[in-house]
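Data first, discussion second: the structure below is written as structure tokens.
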Amino acid sequence: MWFIFALLSAIFAAATSILAKLGIEGVNSNLATAIRTVVVVVMSWGMVFLTNAQGGISDISKRSWIFLILSGLATGISWLCYYKALQIGDVSRVVPIDKLSVVITLVLAFFLLHEQFTPKSLIGCILIGAGTLLMAL
């Protein structure tokens, strides 16, 4: 089931890039990011209430709150940078560089989360990195 959700994530991320590029023309990138964020917040809280998950807020540990807040800050910074890059660059060049996050995530997961770095993941990282450079240059 995780694969289906990951694939849907990729499809909607692709749609996000194209729709954002079409919508950002003549709009300040920070304002565009704020509009997108409001939509995401409304959708997210809608799902919380739809699934009746709001009762779990009191069960969240202090540690989880800290990391969720830091994750939110990282997301916000990422989106601000992404929209600015989309505004001034070609989507076909911005998106591959943005997807270097896959390589960076795998490296960080190895060092910070002590996840396995297999020969397969190493080759994948090299290919993603090389493909990104090839597409961006």
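Odds and ends about this structure:
- Residue tally, condition more than 23 Å from Ser78 (Cα to Cα), of a type outside the set (Val, Ile, Thr) and in a helix (DSSP H, G or I), over the range 100-123: 4
- Hey, Met1 more than 30 Å from Ser121 (Cβ to Cβ), loosely packed, with under 14 Cβ neighbours inside 10 Å and not basic (Lys, Arg) or not: no
- Just so you know, in the range 97-124 the residues that are more than 21 Å from Ala13 (Cβ to Cβ) and of a type in the set (D, E, K, R) include one that is nearest to the chain's Cα centre (by Cα), and it is Glu115.
- The one condition in (1) surrounded by fewer than 11 Cβ atoms within 10 Å (Cβ to Cβ); (2) among the polar types (S, T, N, Q); (3) assigned to a helix (DSSP H, G or I) that Asn52 fails to fulfil: (3)
- Test: Ser44 is out of contact with any helix residue (DSSP H, G or I) (no Cβ under 9 Å at 6 or more places or on another chain), assigned by TED's automatic domain parsing to the domain that holds Trp79, exposed (fewer than 12 other Cβ atoms within 10 Å of the Cβ) and at pLDDT below 95: no
- Qualifying residue in the range 67-87 (condition: free of Cβ contacts under 8 Å to residues at least 24 places away in the same chain, more than 23 Å from Val39 (Cα to Cα) and in a helix (DSSP H, G or I)): no
- Pairs meeting the criteria (first residue in the range 28-57 and in contact (Cβ under 8 Å) with a residue 60 or more places away in the chain, second residue exposed (fewer than 12 other Cβ atoms within 10 Å of the Cβ) and of a type in the set (Lys, Arg), beta carbons under 6 Å, at least 6 apart or on different chains) are lacking.
The values are calculated or read from the model by the stated rules, or taken from the named source; none is laboratory data. Just so we're clear, the structure is a prediction, and the values are computed from it rather than from any experiment. Cβ coordinates were reconstructed from backbone atoms using ideal geometry, including for glycine residues, and neighbour counts include every protein chain displayed.
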